[in-house]
Amino acid sequence: MQAKKRYLLLFSCCAFLFFGYFGYHHFKVHRQSRWHQHLSSYSEESDLVHDEDISPSPGFRTRFRTRRRSSSGGGSSRGVGGGDGTDLRGANEAVDIRSDGVETRDCRMENCFDFTLCEQGFRVYVYPVDENVPPSTSYQKVLSVIQDSGYYTSDPSQACLFVLSLDTLDRDTLSKDYVRNMPNRIQRLPLWNNGQNHIIFNLYSGTFPEYAEDLGFDVGRAILAKASIAYENFRPGFDISLPLFHKTHPERGGEDGYMDSNKFPGTKKYLLSFKGKRYVYGIGSETRNSLYHLHNERDIVLLTTCKHGDSWKEYKDERCDHDNAEYDSWLRLHTGLFGPGIMTV
């Protein structure tokens, strides 16, 4: 009788512990899955009706889905492979596995930058110019500003940061400034070290119509200072997002500016004006597809035309006819607002 009581007591304790543990675990998971539903929301339903304006064009979506389907067939486990094993990533997205297990796409300052090189101070070294591939005027401005600064050093052993003299600003294969055979040229640099403590400057990458972020070489552990860098390719706390500047941008600023009036609002009729192409296929359409929301024909005039390349009619959307007509009309009647062939903001 005593044995039965002891077994019954032991069974009751085990059942209590079992239900207590799994009951608490279920409650914890349920609570964690619902906590975000109680957060305040500042969005409205009207914010969601224009998603199609910031999504890639239909042509690009079709090609992207085709590419995704072809890439799902197999390929290398280290790359985004196609059915034939082809790596569909750009060369700058190639994955490099360091001996310490860090992939270059996961680079941060703490794991891909050697701070011991900066113990003697922050000095920047610029590689000697290769006479066979002289830099473009725009990139020479970048190099000149660095070399004329107080951070420049001609001694690489004193350098904390290294800058290539090879022009990497324009990596569009159709550009006259495109430097070919870049992978081999970079690998021949004795201080490259897979890009560690180097910085790469880039404004344009890829070519029409996709404009994929393919630099044509692997940046490795180098810091990428780039314009129009995609969110998924940006390495936070490591890469640098640059504004896109024109080739005629001056090397240095002029005299100090001054304010001739503090009247607000201003007396000018137009607060903002813009004219340009609205790409209906390929990369680059997301932002310009949304400009019509701001265009009010009074103080904000944002004009876009779908006429771009030879295939725009094949991909044109329901707004193209209206946009094209309005674009041509405004240019005829308000030439002074934009100037001949000038895009203003």
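With (1) in contact with a strand residue (DSSP E or B) (Cβ under 7 Å, 6 or more places away or on another chain); (2) closer than 23 Å to residue 125 by Cα as the list, and residue 167 as the residue in question, which single condition is left unmet?
(1)
Which pairs do you get when a residue that is in a loop (DSSP other than H, G, I, E, B), found in the stretch 229-250, comes within reach of a residue that is open to solvent by 70 Å² or more (accessible area, probe 1.4 Å), reach meaning Cβ atoms under 8 angstrom, with the pair 6+ apart or on two chains?
229/241; 234/241; 235/105; 235/106; 244/228; 247/137
Take the residues in the stretch 160-210 that are part of a loop (DSSP other than H, G, I, E, B), of a type in the set (A, V, I, L, M) and more than 17 Å from the chain's Cα centre (by Cα), then tell me which one is surrounded by the fewest Cβ atoms within 10 Å (Cβ to Cβ). Lay out the reasoning, then the answer.
First pass over the stretch 160-210, keeping only residues part of a loop (DSSP other than H, G, I, E, B): 160, 164-169, 172-181, 188-192, 196-197, 203, 206-210.
Keeping just the survivors that are of a type in the set (A, V, I, L, M) gives 164, 166, 169, 174, 179, 189, 191, 203.
Applying the additional criterion that residues be more than 17 Å from the chain's Cα centre (by Cα) yields 164, 166, 174, 179, 189, 191.
Values: 164: 24, 166: 18, 174: 8, 179: 23, 189: 15, 191: 13.
In this case the residue turns out to be 174.
Can you find, within the stretch 292-308, the residue that is modelled with the lowest pLDDT among those that are open to solvent by 30 Å² or more (accessible area, probe 1.4 Å) and not in a loop (DSSP other than H, G, I, E, B)? Before you say what the answer is, go through the steps one by one.
Filtering the stretch 292-308 down to residues open to solvent by 30 Å² or more (accessible area, probe 1.4 Å) leaves 292-300, 307-308.
Add one more test, that the residue is not in a loop (DSSP other than H, G, I, E, B), and what stays is 292-293, 300.
Values: 292: 81, 293: 85, 300: 89.
Among those that are open to solvent by 30 Å² or more (accessible area, probe 1.4 Å) and not in a loop (DSSP other than H, G, I, E, B), it is 292.
For residue 326, only one of the following conditions fails: (1) within 24 Å of residue 210 (Cα to Cα); (2) buried (at least 18 other Cβ atoms within 10 Å of the Cβ); (3) at pLDDT 85 or above. What is its number?
Every listed condition holds for residue 326 apart from (1).
The values are calculated or read from the model by the stated rules, or taken from the named source; none is laboratory data. Because the structure is a prediction, the values reported are computed rather than measured. With ideal geometry, Cβ positions are generated from the backbone for all residues, glycine too; neighbour counts draw on all protein chains shown. Heavy atoms of the whole protein, side chains included, go into the accessibility calculation; ligands, DNA and RNA do not. Shrake-Rupley method; radii C 1.70, N 1.55, O 1.52, S 1.80 Å.
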